[in-house]
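Some notes on the structure that comes next.
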Ligand code: UDP
């Protein structure tokens with residue numbers, strides 16, 4: 001499948017949504033908050049009703065960030081990152097539970113599988129599940145330390161032939177400067193990868209960005225906290241900033 005180079009006129013066929021771990025807890029909080037969890041599940045279920053196949057990469061920053069833990073001393077980063085990856089498994093299990101409660105068929109696969117708890121990532125099986133309309137929740141990051149779940153999202157979007165990577169963030173797109181600090185900052189509606197690089201704009205971490213650019217996977221940066229936004233993004237509505245080849 002060729003990735004869409006522009007905004008589609010209807011819903012995307014298949015999207016990858018990156019959900020940061022922070023959205024599982026209250027702002028500035030820790031762990032899993034039942035209301036926040038129910039809200040994310042509701043938003044994702046709404047997006048499936050828009051008609052798009054949904055792969056979801058979950059982060060784990062609400063539980064453990066490997067680099068931070070390593071900086072505190074005592075635990076080397078390779079181990080701290082493994083702990084971080086297991087955190088994403090915990091979030092994925094919680095999300096599956098709520099999606100199932102909403103009647104949305106969901107499967108979890110992990111690059112860091114836990115026998116009897118979560119199956120390993122399998123691309124062929126994943127593609128078949130997506131084609132059947134099952135929401136595919138991807139945990140365990142890349143399975144390797146020193147990477148992020150943003151990079152995982154880029155990797156899985158390319159592998160699973162998603163037409164777009166939906167990057168849910170705190171702000172409603174990519175700005176010319178930090179909108180919280182600079183009142184003159186303006187939001188871009190669209191940007192090419194080359195423009196984003198030339199202007200030094202941070203869209204995702206460098207590895208994730210490079211992978212999307214190389215594989216031609218457009219990134220839609222949009223505001224997570226606005227109800228209905230994942231559905232709007234999956235439906236191809238003109239929200240946020242589209243970074244495209
Ligand atoms: N992680 C990792 N390899 C990966 C993805 C994640 O080691 O491929 C670890 C890393 O310690 C990271 C943690 O898992 O800090 C949680 O992921 P991330 O920080 O990307 O979560 P988010 O910021 O999206 O909540």
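Summary of computed values
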read-out: Single residue of 211, 191, 201, 197 found to be touching a helix residue (DSSP H, G or I) at 6+ places or on another chain (Cβ under 7 Å) and farther than 26 Å from residue 41 by Cα; value: 211
read-out: Residue among 131, 119 that is surrounded by fewer than 19 Cβ atoms within 10 Å (Cβ to Cβ) and in contact (Cβ under 8 Å) with a residue 60 or more places away in the chain; value: 131
read-out: Count of residues meeting criterion [over 19 Å from residue 157 (Cβ atoms), part of a loop (DSSP other than H, G, I, E, B) and modelled with pLDDT of 95 or more] in region 1-25; value: 1
read-out: Condition check for residue 67: modelled with pLDDT under 95 and within 16 Å of the ligand (Cβ to nearest atom); value: no
read-out: Among the candidates 123, 115, residue that is modelled with pLDDT of 95 or more, over 19 Å from the mean Cα position of the chain (by Cα) and farther than 23 Å from residue 231 by Cα; value: 115
read-out: Pick from region 30-64, criterion part of a loop (DSSP other than H, G, I, E, B) and modelled with pLDDT under 95, ranking: farthest from the ligand (Cβ to nearest atom); value: 51
read-out: Subset of region 97-110 that is free of Cβ contacts under 8 Å to residues at least 60 places away in the same chain and surrounded by 21 or more Cβ atoms within 10 Å (Cβ to Cβ) - its residue that is nearest to residue 34 (Cα to Cα); value: 99
read-out: Among the residues listed as 97, 107, the single one being in a strand (DSSP E or B), away from the ligand (no atom under 13 Å from the Cβ) and touching a helix residue (DSSP H, G or I) at 6+ places or on another chain (Cβ under 9 Å); value: 107
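The values are calculated or read from the model by the stated rules, or taken from the named source; none is laboratory data. Only a predicted model underlies this, so the values are computations on that prediction, with no experimental measurement involved. Heads up, the Cβs are rebuilt from the backbone with ideal geometry, glycines too, and the neighbour counts pull from every protein chain shown.
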